[in-house]
């Protein structure tokens, strides 16, 4: 169950840990696969073993218990992607956000004391470029680590120096200050609108953020066109200046699909990603050690303890290989059932074709426990010609139309998203109007349900969607 939850991107690391912990487990090199198959198919000669006492370990029997059946695990066949596919993910090495700021400190002709303060401030910035700590807390850190006790005025002075660095907006303490730091550096042919934008951010930020446009026009004595152009200047600003760089602790955002669905001449084919199929086997050295002991006349306690240790490691390796095998079989069974259930969607990519599907539906088809299906769907991804998706995204409740037909809630969300994308942004549709539109299309739905779906789609209320 634990291995089943591990996504493909983390599976290699989990196998690496097992290989390091258990010397009886080996990974097969591609060049040795044919030799391994020959070894599995060749009948091994039987050696005569000396008579054993009743309390001795029956190694001959142990070694003959289907040892070669799972000693090597190589079951890719046609269900897996090309084994020659690259198994490594390239990671670009780029300068981090904090490194870039530290470089700029070195370019400033500052006294040593201010350099230390500036570095402390930079080290306190989060990955978005914000200083979310109080200056008093930064002062305490300086006193503890650098034996420096700066005044509040001194900290403000150095902070303003850091705020002059690139990218514009770093060192801000809130969104308003972030945008003001950027707009103050702007100039150009639209200087009039830049100045209006700066005035809005400085003195009317709350009204602007709540999109009270009529109130802004009246209080500032400007035209709607002035406000529209100023709004465009503000929209060009970056609310997260640190986001243009790699964060100080880079995070891999790559998704390695566990399954691949290909459309071959109108027929869908399912494959497991080749990184789902590691080539593992029991170490030949460890098997030889057991056989050598079996032929040996020395059977003292020290040898017996040694062989029990070896047997324990081999048993553990066999268990791990079998667990990997079961993992692939379970994953393939679940994904095959999902593919069959949502065949029209995977064939067309049209979300309207998605059928209502819950975990119980797949559990009944596969004869697996609901918790097992849940483990597979929560952590696995499938690559299609329309994109890469998490399996759990294909599960949805049903909603009844006025004709009694059951449709997927994802279908309703897709229609809701289309309605909002095509609305008049000067007069965006309220939740009630969206509900009426869906009802007109035959979907029996309540306004509160529409509001819930809108929030799940991360779409704000009508007032916040309004544009000038």
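Read-outs throughout are calculated quantities, based only on the coordinates presented, and are distinct from any laboratory measurement. Note that the structure is a prediction, hence the values are computed from the model and not measured. Counting neighbours? That spans all protein chains shown, and the Cβs are built from the backbone with ideal geometry, glycine included.
Computed extension gain for residue 336 through residue 184, at 0.36 nm per residue and net of the alpha carbon distance, reaches 49.0 nm.
Compactness ratio for region 119-228: Cα radius of gyration over 2.2 N^0.38 Å (N = residue count) comes to 1.33.
Once both labels are positioned 7 Å from their Cα atoms along Cα-to-Cβ, the gap between residue 21 and residue 437 label points is 5.4 nm.
For residue 284 and residue 99, compute 0.36 nm times the residue count separating them, minus their Cα-Cα distance, and round to one decimal in nm. Walk me through the numbers before you get to the answer.
On the way: separation 185, 0.36 × 185 = 66.60 nm, distance 4.96 nm.
Value of the extension gain: 61.6 nm.
Taking a quarter of the surface of the Cα convex hull of region 398-465 gives a mean projected area of 4.1 nm². Legend: calculated FRET efficiency, residue 430 to residue 344, from the Cβ-Cβ distance at R0 = 30 Å, rounded to 0.05, equals 0.35. If you average the C-alpha positions of region 418-433 and of region 329-363 separately, how far apart do those two centres end up, in angstrom? Taking the Cα centre of region 329-363 as reference, the centre of region 418-433 is 32 Å away.
The relative contact order of region 398-465 comes to 35 percent, based on Cα pairs under 8 Å that sit 6 or more residues apart.
The overall shape of region 354-430, judged from the alpha-carbon gyration tensor, is oblate: a/c is not under 1.5, and a/b is no greater than b/c.
Remark: relative contact order (region 327-466) = 19 percent; criterion is Cα-Cα distance under 8 angstrom and separation of 6 or more residues.
The modelled label-to-label distance for the pair residue 204/residue 292, using points 7 Å beyond Cα in the direction of Cβ, is 8.7 nm.
Compared with the direct C-alpha span, the chain from residue 422 to residue 173 gains 86.0 nm at full extension, assuming 0.36 nm per residue.
Between residue 164 and residue 446, the distance separating the two model label sites (each 7 Å from Cα on the Cα→Cβ line) works out to 6.0 nm.
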